[in-house]
1. If you take the residues in segment 103-125 that are under 18 Å from THR216 (Cβ atoms) and surrounded by fewer than 21 Cβ atoms within 10 Å (Cβ to Cβ), which one is modelled with the lowest pLDDT?
2. Take the residues in segment 158-190 that are of a type in the set (Gly, Ala, Ser), touching a strand residue (DSSP E or B) at 6+ places or on another chain (Cβ under 7 Å) and not in a strand (DSSP E or B); name whichever of them is surrounded by the fewest Cβ atoms within 10 Å (Cβ to Cβ).
3. Please state which of the following conditions ILE395 fails to meet, knowing it meets all the rest: (1) modelled with pLDDT of 90 or more; (2) over 18 Å from the mean Cα position of the chain (by Cα); (3) part of a helix (DSSP H, G or I).
4. Quick check on this structure: which one of ASP32, ASP37 is in a loop (DSSP other than H, G, I, E, B), modelled with pLDDT under 95 and over 23 Å from the mean Cα position of the chain (by Cα)?
5. Return yes when SER17 is among the small types (Gly, Ala, Ser), farther than 30 Å from PHE176 by Cα, surrounded by fewer than 16 Cβ atoms within 10 Å (Cβ to Cβ) and at pLDDT below 95 and no when it is not.
6. Of everything in segment 238-253 that's surrounded by 17 or more Cβ atoms within 10 Å (Cβ to Cβ) and touching a residue at least 60 places away in the same chain (Cβ under 8 Å), which residue is nearest to THR295 (Cα to Cα)?
7. Out of all the residues in segment 218-227, is one or more more than 28 Å from the chain's Cα centre (by Cα), more than 19 Å from PHE97 (Cα to Cα), at pLDDT 85 or above and surrounded by 16 or more Cβ atoms within 10 Å (Cβ to Cβ)?
8. Among the residues of segment 374-392, write down those that are touching a residue at least 24 places away in the same chain (Cβ under 8 Å), surrounded by fewer than 19 Cβ atoms within 10 Å (Cβ to Cβ) and in a helix (DSSP H, G or I).
Amino acid sequence: MISLIQTAEGALNETHSILQRMRELSVQAANDTATDDDRAALQDEVKQLKSEIDRIGTDTEFNTKKLLNGDLSGSQVGGVGSKLGDATAASIKIDNFDPTTNAITSGISQEVQVKVDGQTFNLSGVTGADHFEFFQNLESALSSEIDTYNTNNPNAQITKPKFEITDVQSETSMDFVITSGTTGSSSQIEFRILEDTGNTTAPANTDLITKLADDTTWEAGSDGQLSAASAQAISDLESIDKLTMSVNGNKIDVDLTTVAAASYSANDEIAGTGKLSADLKTDIQAALDKYEELTGTDFGNVDVKVKDGSLVIESDKADTVTIEFAKGTAADALGLSGTGTSNTGGLDFHIGANKGQSINLQINDMTTKGLNVADIDISTREGADNAIKSLDDAIKSVSTERANLGAVQNRLDHTINNLSTSSENLTAAESRIRDVDYALAA
């Protein structure tokens, strides 16, 4: 167990060093003393460094188990509820789409930048005699690029977005929709028309730009939107309706002061515009803070997240705090009735002789995608400036992961010492029993 942790931590030490080097290069590229050629050379090194981070993330293993590619990510959570709504995909919708309109002025091949679920694809020479042909060729070019990317990144696959025509009103009026192949807050689909692949800030002079600016609806992906029934049930809750929660076996009633005072509607984002997750977090934390004030017991800070349309409640002391919800009106409306703490993902280390004597370890995705640095491009001053912030966040994530691994390793050291002491004392006790003089006792 300790050797596994040391293997992961040693690999992250190198990832940490690579990120520091990438930050140095970004600072250099952010200065106007660097020329475009200088920045291009710096970006070449950044590209190689990103590839090495991915190699470390995908190849680091212990006894054939991949350690850093996200397979062991997870958390100990309390109250993974039933669905209140569905997760949605990001989409682009061009209203009143006219497929016959010329797409490219004077037949010029177009440069298009497409972002799909955090990965950027620069497509060169997309052509089309009209709008419809342009989007057909765009889909084909993007599909080819995604195939190449997936072949080169077997552990970080991108799902192809869907291109479709809907709501046909006439030959020249219909809706054209591009939808991400994934759902949730990480779902992303967006594109820009560029002057050229080296100039990512200036849109080309084409009538398609006007169409996109005037008639396009952009929808972000959501971890979940309230169904009409759930929105009504939660809106009907009153302040007298208590959410009964058991924390480490201690019964705590949550006053739904904030939730009951709010109103929720169908299609509200559970963690977005409707703010249900934020409202519930406020009420649960107030109950925990009040319990600590009365008893001195600190159960940590609670977080309310959304996963695929369900509420997920967890404490930042997840290793030592368990949360369960009793059935009731409030718990039913929030989808939390009868739910409780569970380990999802990660590795279970059995550290005792009896059932349930184990600890759980999770290691997050430490590839460039998991660290949100896969898109870094310092070939422009603006890109280099943005990269500095992204790399700071990535360095913090790696530092946090290494700290967590170190904490678990230290805990295991103490566990081993305690088990050794227990084993010695049990052996001594068994010896005294075995050596007792029954004749003398009689």
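The values are calculated or read from the model by the stated rules, or taken from the named source; none is laboratory data. These numbers come from a predicted model, not from an experiment. Ideal geometry is used to build each Cβ from the backbone, glycine not excepted, and the neighbour counts take in all protein chains shown.
1. First, pick out the residues of segment 103-125 that are under 18 Å from THR216 (Cβ atoms): 103-104, 110, 112-116.
With the extra rule that they be surrounded by fewer than 21 Cβ atoms within 10 Å (Cβ to Cβ), the set shrinks to 113, 115.
Details: GLN113: 84, LYS115: 90.
Only one residue fits best here, namely GLN113.
2. Restricting attention to segment 158-190, the residues satisfying the condition of being of a type in the set (Gly, Ala, Ser) are 170, 173, 180-181, 184-187.
Now restrict to residues that are touching a strand residue (DSSP E or B) at 6+ places or on another chain (Cβ under 7 Å): 173, 180-181, 184-185.
Now restrict to residues that are not in a strand (DSSP E or B): 180-181, 184-185.
On the way: SER180: 27, GLY181: 16, GLY184: 19, SER185: 18.
The selected residue is GLY181.
3. Condition (2) is where ILE395 drops out.
4. Numbers: ASP37 fails: in a loop (DSSP other than H, G, I, E, B).
On inspection, the qualifying residue turns out to be ASP32.
5. Details: among the small types (Gly, Ala, Ser): yes; farther than 30 Å from PHE176 by Cα: yes; surrounded by fewer than 16 Cβ atoms within 10 Å (Cβ to Cβ): yes; at pLDDT below 95: no.
Spelling it out, it is not the case that SER17 is among the small types (Gly, Ala, Ser), farther than 30 Å from PHE176 by Cα, surrounded by fewer than 16 Cβ atoms within 10 Å (Cβ to Cβ) and at pLDDT below 95.
6. Within segment 238-253, the subset surrounded by 17 or more Cβ atoms within 10 Å (Cβ to Cβ) is 241-245, 247, 252.
Narrowing further to those that are touching a residue at least 60 places away in the same chain (Cβ under 8 Å): 241-245, 247.
Numbers: ASP241: 24, LYS242: 20, LEU243: 20, THR244: 18, MET245: 16, VAL247: 13 Å.
Per the criteria, the residue is VAL247.
7. Narrowing segment 218-227 to residues more than 28 Å from the chain's Cα centre (by Cα): none.
There is no residue in segment 218-227 that is more than 28 Å from the chain's Cα centre (by Cα), more than 19 Å from PHE97 (Cα to Cα), at pLDDT 85 or above and surrounded by 16 or more Cβ atoms within 10 Å (Cβ to Cβ).
8. ARG381, GLU382, ASP385, ILE388, ASP392
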